[in-house]
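The values are calculated or read from the model by the stated rules, or taken from the named source; none is laboratory data. Since we're looking at a predicted model, the values are computed, not measured. With ideal geometry, Cβ positions are generated from the backbone for all residues, glycine too; neighbour counts draw on all protein chains shown. The accessibility values were calculated without ligands, DNA or RNA, using every heavy atom of the protein model including side chains. Shrake-Rupley method; radii C 1.70, N 1.55, O 1.52, S 1.80 Å.
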Amino acid sequence: MDYQTIVNWIDIALVLALIFFCCFLWYYFLFFASASKRPKLLPKALKYARFAVLIPARNESKVIKNILTALSKQNYPRDYFEVFVIVESEDDPTVEITKSFGFKVVVRKNLENRRTKGFALDDAYQEIKRSEEDFDAFMIFDADNVMAQNYLSLMNDVYQAGYQVGVGYRSFTNATKNWVCGCSATLFSFMNQFTSKGRSFFFEKATLTGTGYFIVKEIVDNEGGWIWNGMTEDVQLTTYCYYHNVRMHYYPFAKYFDEQPDKFRTLNKQHVRWLWGFFASRKAFKKNTNVYPIKSKAKRTLALIEYNSSIYPFIIYTVITFLCSLASFGLFIASCFEAPEYSGWLLAHAIFQFSILYLIFIFISAFTIAIDNKNLKFSASQCITICLTYMVFFSSFLLALFDGLFHKKKRTDWSTIEHKGDIIDHDALESENGKRK
C-alpha cells in the first residue's frame with residue numbers, strides 16, 4: 001500500500017475543505033467581529049402596543065405557575081397585554097392555575113394531525129379573532145420560561161421602533177446544574193451573541209429559537225392564521241421573515257429565561273425534533289406572497305445568501321475533517337500489520353487532523369463563554385469542562401440523525417418534553433418571585 005500517496009490525497013481533501021469553509025462562511029467572520037460590540041439601546045417608547053401573550057402549555061402544570069407569576073409582575077401596563085394559555089383538555093390542572101392568576105385559557109378542540117406547537121398557536125389566534133379582541137402583536141413563550149420584569153416594556157420599544165419581529169436574549173434558569181445543561185446553554189449563548197446579534201446588526205434579521213419573540217398581528221392576519229406549524233415552527237417563521245422582507249431585531253437588553261434539558265435522553269429527543277425539522281422542506285415559506293417593503297435590495301440578497309448557507313459550510317467541513325481523521329486512523333491500524341515503520345508517522349498525522357477539529361470546538365465554546373459568562377455564570381471548573389467536552393456534546397446531533405433515520409416516527413412525533421421548573425439562576429429567581437428555591 002502506498003501510504004504516502006493516500007495521505008497526500010487526504011491532506012488535499014482537508015485543504016480544499018478548509019478553503020471551502022473560509023470562502024462560504026464569510027458572514028461568520030463578520031458575526032465574530034460584531035460579537036464583542038455593545039448593542040445600542042432603542043429609544044424609550046412613548047406609546048404602548050397591545051400584546052397577546054400566547055403560551056402553549058400541554059400538561060405543564062408543574063411549571064406554569066413560574067411564568068404566570070413573572071407575567072403578573074411585568075412593569076408594563078396591565079391593560080396593554082393579555083395572556084392566553086393553550087391546553088388540550090379542560091381537565092388539565094394548568095387550567096385552574098391559569099384562572100387563579102386572572103389569565104385566559106384556550107382549550108383546543110381539533111387535535112387530529114395537529115399536535116405541533118404551531119397548530120396550538122393557530123388555534124389561539126383563531127379564537128382571539130373570533131372574540132374580536134384588538135391586539136397589535138403576538139408574544140410567544142413556552143410554559144417553562146420566565147422573563148425579566150421589564151421584558152414586555154423593552155419589546156414594546158422594539159415594536160415602536162418599527163420592527164415587525166423582535167426577540168430578546170435567551171438566558172437560562174438552570175445552566176449551572178450539570179454538564180448537559182451547561183453545554184446546551186453554551187450553544188444557545190452562541191446563537192444569541194453571534195448568530196442573532198450578527199444577523200440583526202448587518203441584515204435586520206434574527207434567529208428565532210421557539211420562544212421569547214413577538215410578531216406583529218398584520219403578518220399573521222395577512223397569512224390567514226399561524227401557518228408555521230411544522231416540527232420546527234421557529235425555523236419556518238425565520239425562513240418566512242427572510243424571504244418576505246420582515247424587519248427583525250434582536251434586543252439583548254430584554255432577557256427571558258429557559259429551562260435546559262438536564263439528561264442526555266431528553267436532549268436527544270429535543271435534538272431529533274430540531275435536526276429533522278431543520279432539514280425539512282421550507283419551500284412553502286419562500287413563496288413571494290405578502291412581501292413587505294425593503295430599503296436595500298443588496299442587503300436582502302446578502303441576507304438570503306447568508307441564510308441559505310447557514311451552518312452547511314461548517315457541517316461539510318466538520319464531516320470531511322472527521323472522515324479524513326478516521327481514514328488516517330484506519331491507515332495507522334493497517335500499517336501496524338503491513339508496514340510498522342510507517343505506523344508512528346501515520347498515528348501522529350491522524351491525531352493532528354483530529355486535533356484541528358477538536359480545537360475548533362474548543363475555540364467556539366471558549367470564545368462564547370469568554371464574552372457571555374456574565375449571563376452563563378459558569379465556575380472556572382465548569383468553563384474548562386465544557387470547553388474540553390463541547391465536541392462530545394455536539395455528537396448528540398449525530399446520534400439524533402441516526403435516531404431519526406432508523407425511527408421515522410420520531411421525526412414527526414411531537415412528544416412532550418417534561419419540564420421540572422428548576423430555577424437556579426438568581427436573576428431568573430428574582431424575575432419569578434424574588435426568592436431562592
Within segment 333-391, the residues that are free of Cβ contacts under 8 Å to residues at least 12 places away in the same chain and acidic (Asp, Glu) are Glu341
Fill in: Meets criteria (touching a Gly at 6+ places or on another chain (Cβ under 9 Å) and surrounded by 14 or more Cβ atoms within 10 Å (Cβ to Cβ)) for Tyr27
yes
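Filter segment 218-235 down to the residues that are in a loop (DSSP other than H, G, I, E, B) and of a type outside the set (A, V, I, L, M, F, W, C), then identify the one that is surrounded by the fewest Cβ atoms within 10 Å (Cβ to Cβ). I'd like the intermediate steps shown before the answer.
Filtering segment 218-235 for residues in a loop (DSSP other than H, G, I, E, B) gives 224-232.
Add one more test, that the residue is of a type outside the set (A, V, I, L, M, F, W, C), and what stays is 224-225, 229-230, 232.
On the way: Gly224: 11, Gly225: 16, Asn229: 17, Gly230: 23, Thr232: 25.
Ranking the qualifying residues of segment 218-235, first place goes to Gly224.
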Sole miss for Phe190 among (1) in contact with an Asp or Glu (Cβ under 9 Å, 6 or more places away or on another chain); (2) hydrophobic (A, V, I, L, M, F, W, C); (3) without any contact (Cβ under 8 Å) to a residue 60 or more places away in the chain is condition (3)
Ala280 passes all but one of the listed conditions (1) in a helix (DSSP H, G or I); (2) under 28 Å from Leu187 (Cβ atoms); the exception is number (1)
Flagged in segment 123-141 as modelled with pLDDT of 95 or more and in contact with a strand residue (DSSP E or B) (Cβ under 8 Å, 6 or more places away or on another chain), in numbering order, are Asp123, Ala124, Tyr125, Glu127, Ile128, Phe135, Asp136, Ala137, Phe138, Met139, Ile140, Phe141
Of Arg50, Arg38, the only residue that is within 24 Å of Lys129 (Cβ to Cβ) and open to solvent by 20 Å² or more (accessible area, probe 1.4 Å) is Arg50
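Mind checking which strands (runs of 3 or more DSSP E) fall wholly inside segment 42-150 and carry at least 2 residues that are aliphatic (A, V, I, L, M) and free of Cβ contacts under 8 Å to residues at least 60 places away in the same chain?
It comes to 81-87, 104-107.
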Of those in segment 423-437 that are of a type in the set (D, E, K, R) and at pLDDT below 75, the residue least open to solvent (accessible area, probe 1.4 Å) is Glu432
Selection from segment 295-325 of residues surrounded by fewer than 14 Cβ atoms within 10 Å (Cβ to Cβ) and of a type in the set (Ser, Thr, Tyr) yields Ser296, Thr301, Tyr312
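Give segment 1-15 a look and list any residue that's among the aliphatic types (A, V, I, L, M), in contact (Cβ under 8 Å) with a residue 60 or more places away in the chain and assigned to a helix (DSSP H, G or I), or say none.
Of everything in segment 1-15, those that are among the aliphatic types (A, V, I, L, M), in contact (Cβ under 8 Å) with a residue 60 or more places away in the chain and assigned to a helix (DSSP H, G or I) turn out to be Ile6, Val7, Ile10, Ala13, Leu14.
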The residue that is farthest from Gly230 (Cα to Cα), considering only those in segment 114-134 that are over 20 Å from the mean Cα position of the chain (by Cα) and among the hydroxyl-bearing types (Ser, Thr, Tyr), is Ser131
Here the residues within segment 156-209 that are assigned to a helix (DSSP H, G or I), touching a helix residue (DSSP H, G or I) at 6+ places or on another chain (Cβ under 7 Å) and among the small types (Gly, Ala, Ser) are Gly182, Ser184, Ala185, Ser189, Gly198
Within segment 145-203, residues open to solvent by 10 Å² or more (accessible area, probe 1.4 Å), over 28 Å from Leu30 (Cα atoms) and touching a strand residue (DSSP E or B) at 6+ places or on another chain (Cβ under 9 Å) come out as Ala148, Asn150, Ser153
Condition set basic (Lys, Arg) and free of Cβ contacts under 8 Å to residues at least 60 places away in the same chain, scope segment 236-294, selection least open to solvent (accessible area, probe 1.4 Å): answer is Arg282
Could you tell me whether Tyr250 is within 15 Å of Gly210 (Cα to Cα) and either aromatic (Phe, Trp, Tyr) or assigned to a strand (DSSP E or B) (or both)? yes
